[in-house]
Amino acid sequence: MVAVAIFFKRLADAKSRLAPVLSPLERATLARRMLLHVIDAARKASGVEEVTVVSPEAKIAEIIGRDDVSILREPRPHGFNAAAGFASAALAAAGKPRVLLLPADLPRVGAEHIEALIKAHARTSADTIVASKDGSGTNALLIELPPRFPLAFGPDSFNRHLANAAHSSRRLHVHRCAHIGTDIDGPDDLGELPCEMVP
């Protein structure tokens, strides 16, 4: 079984690169809709033991509005790597053997895609990574706990994760999934949104 950790920024900071085309309210609405979508996909996926949202947002419980999701409140925002380390440490301390790290802006991910990723991890017996659609970022990382190599989210994180795993003598299986690989960063990505998510 796998614990899923979903990372969500403060609403005030959500989707800042969309500022040229969306108002603050529209960006917050979009961020919330995508978060709830990723939560729903994870909760419905077989092989998922629990879902945790990791966020510095003060109103995160109100935003989620459901009691089948755990919350890890970051004391303050320090970026994805700090949040991933914080979540990994907390879940490892709670006895969780592995975690799937996911961003909250995956509008096309479904339960079946998460299930396929979990099955690939079990089949290969290796930590498993999914690249962003341009091949440079990391849109999913399924790792044994505690992490056996340094986490390196951010620019060119896909290649840095591969290098860090290799330097730590850790196998890192590359899982291909366009649905997980599709995220929303800039205005050019808005065409990937399902109609129901358009703010």
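How many angstrom separate the Cα center of segment 39-91 from the Cα center of segment 12-36? About 19 Å separates the Cα centre of segment 39-91 from the one of segment 12-36. Computed from the Cα positions only, the extents of the chain along the three principal axes stand at 46, 34, 30 Å, in decreasing order. Straight-distance candidates among the lysines for linking to residue 133, with alpha-carbon spacing under 19 Å and chain neighbours fewer than 8 residues away dropped: 15.
Under 15 Å of direct C-alpha separation, and excluding same-chain neighbours fewer than eight residues apart, residue 59 reaches these aspartates and glutamates: 13, 67, 74. Our summary gives the chain a relative contact order of 25 percent, counting only alpha carbon pairs under 8 angstrom and 6 or more residues apart. A convex hull fitted to the Cα coordinates of segment 119-199 yields 110 cubic angstrom per residue.
In the chain, the DSSP beta bridges split such that about 30 percent are antiparallel, to the nearest 5. Here the sum of -39500 (n - 2.57) over DSSP H runs of 4 or more residues, divided by the residues of the chain, equals -10500 deg cm²/dmol at 222 nm, to the nearest 500. Remark on residue 7: its backbone amide H falls under 5 Å from those of 54, 102, 104, a criterion applied only to residues 5 or more positions apart or on other chains, H modelled at 1.01 Å from N.
Near residue 138, the amide H atoms lying under 5 Å from its own belong to 132, 154, 157, 158; only residues 5 or more places off or on other chains count, and H is placed 1.01 Å from N. Per the Debye formula on identical point scatterers at the alpha carbon atoms of segment 1-105, with no solvent, log10 I(q)/I(0) at q = 0.21, 0.24 Å⁻¹ is -1.10, -1.37. What is segment 72-144 by shape, rounded, prolate or oblate, if you read a ≥ b ≥ c off the alpha carbon gyration tensor as root eigenvalues and call it rounded for a/c under 1.5, prolate for a/b larger than b/c, and oblate otherwise? In terms of gyration-tensor shape, oblate. At a probe radius of 1.4 angstrom, the accessible area of the chain per residue rounds to 46 square angstrom. Among the lysines, which fall within straight-line cross-link reach of residue 44, defined as a Cα-Cα distance under 21 Å, with same-chain neighbours fewer than 8 residues apart omitted? Excluding near neighbours in sequence, the set is 96, 119.
The values are calculated or read from the model by the stated rules, or taken from the named source; none is laboratory data. Given the structure is predicted, the values throughout are model-derived calculations rather than measurements. To get the accessible areas, we keep the full protein, side chains included, count just its heavy atoms, and leave off ligands, DNA and RNA. Shrake-Rupley method; radii C 1.70, N 1.55, O 1.52, S 1.80 Å.
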